[in-house]
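Below: the structure, in structure tokens.
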Amino acid sequence: VKGKSKLTLSDQIEFLFNIIIIIFHNSRDFIRYCCVGLVGAAVNTGIYLLLNRYYQINLQVASLMAVETAILTNFLLNNYWTFKQRAKKLSLFQRLINFHIAAGISGVFFYYLFLVIKGKQDLQAKFDNFCYLFYIFN
């Protein structure tokens, strides 16, 4: 490609410098967002295990309670830590409802995925027991 840039070397360096500033400025929010996601996953898993294994609450109820707790935890951490510097046009309650709807959509998907996976494990265990009993009695 032939041609000559209309940007001076100084303009090009400034442009690259501004890209780096933008990337690292936004990465702080992104890193915080990822940390909140990890905390949410830990809260979800921890609450589920506590409710299901320790308190013997059935897996469907324990899973729903764990997802709800993780959604609320993620909202609070994102609101007061990740995005605390951003201007807020909506009230706290309206932001909570919006976040809850968005997270709830994925929460419902993962809840059903969890039930399907858990159901297949139960079916596999039942099938294994059946095969074992068939083997013993034959």
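Please treat every number below as a calculation from the coordinates, not as lab data. Keep in mind that what you see is a predicted model, and the values were worked out from it rather than measured. Every residue, glycine as well, gets a Cβ built from its backbone with ideal geometry; the counts of neighbours run over all protein chains shown.
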Under a straight-distance cross-link criterion of Cα-Cα below 28 Å, which lysines are reachable from Lys118, leaving out those fewer than 8 residues away in the same chain?
Lys126
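Any idea what the relative contact order of the range 14-113 is, in percent, if you count C-alpha pairs under 8 Å spaced at least 6 apart? Write down the numbers at each step before the final one.
On the way: 53 pairs, mean separation 28.3, N = 100.
Computed over the range 14-113, the figure is 28 percent.
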Among chymotrypsin sites (Phe, Trp or Tyr not before Pro) in the range 1-65, those in a DSSP loop whose Cβ has at most 10 other Cβ atoms within 10 Å are Tyr55
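Check each of the trypsin sites (Lys or Arg not before Pro) in the range 1-103 and keep only those in coil by DSSP with at most 13 other C-beta atoms within 10 angstrom; list them in order.
On the way: sites: Lys2, Lys4, Lys6, Arg28, Arg32, Arg53, Lys84, Arg86, Lys88, Lys89, Arg95; in loops: Lys2, Lys4, Lys6, Lys84, Arg86, Lys88, Lys89.
Qualifying residues, ordered by number: Lys2, Lys4, Lys6, Lys84, Arg86, Lys88, Lys89.
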Go ahead and estimate [θ] at 222 nm for the chain from helices alone: -39,500 (n - 2.57) per DSSP H run with n ≥ 4, summed, over the residue count, rounded to 500.
-28000 deg cm²/dmol
Rounded Å value of the spacing that divides the Cα centres of the range 51-108 and the range 1-33:
36 Å
With the dipole of the chain worked out from charges on the C-beta (+1 for Lys and Arg, -1 for Asp and Glu) around the Cα centre, which of Ser5, Cys35, Ile97 lies farthest toward the positive end?
Ser5
Measuring from the lowest to the highest alpha carbon on each principal axis, how far does the chain reach, largest first, in angstroms?
86, 48, 21
